[in-house]
1. Show which lysines lie in cross-link reach of residue 51 when reach means a straight Cα distance below 17 angstrom and same-chain residues fewer than eight apart are skipped.
2. So what is the calculated 222 nm ellipticity per residue for the chain, using -39500 (n - 2.57) for each DSSP H run with n of 4 or more, over all residues, to the nearest 500 deg cm²/dmol?
3. For the Cα atoms of the chain, what angle does the longest principal axis make with the long axis of helix 71-93, in degrees from 0 to 90, nearest 10?
4. Could you name the lysines whose alpha carbon sits less than 19 Å from that of residue 79, not counting residues in the same chain fewer than 8 places away?
5. Once you have the Cα-Cα distance between residue 87 and residue 56, take 0.36 nm times their residue separation minus that, and quote the gain in nm to one decimal.
6. What per residue convex hull volume, in Å³, do the alpha-carbon atoms of the range 5-93 yield?
Amino acid sequence: MGEILTVTIPKQHCRSCGHLLDAASGLEGTPKPGSVTLCIRCGTIHLFTPKMRVRLPTDGEMLDLMLSKNWGQIMLAQKTVRAFQTLASLSRQA
């Protein structure tokens with residue numbers, strides 16, 4: 001398994017929940033245009049643009065991702081983010 005790298009990205013907001021995004025982590029090294037990233041708050045899948053801004057994938061891009069060898073890892077990461085946020089929410093309510 002590769003080393004997890006965290007890099008600073010231009011400050012921007014998740015296209016789904018509005019959470020401020022300013023870093024990205026992954027096993028594939030430094031993110032580049034076209035790389036997949038997830039919002040750390042809601043788990044929404046984004047792609048990086050050439051200017052390293054996040055955008056939602058098109059329907060065709062989502063289909064390509066779903067058919068890719070990485071889809072299982074993407075889904076596991078998304079479920080992990082969402083489970084963590086659920087636990088964090090429950091602990092704040094306690």
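Taken together, the values in this text are just the output of simple stated rules run on the coordinates, not laboratory data. If you're wondering where the values come from, they're calculated on a predicted model, not measured in any experiment.
1. 11, 32
2. The helix contribution divided over the chain gives -11500 deg cm²/dmol.
3. Rounded to the nearest ten degrees, it is 20.
4. 69
5. On the way: separation 31, 0.36 × 31 = 11.16 nm, distance 2.58 nm.
Gain on stretching residue 87 to residue 56: 8.6 nm.
6. So the per-residue hull volume is 101 Å³.
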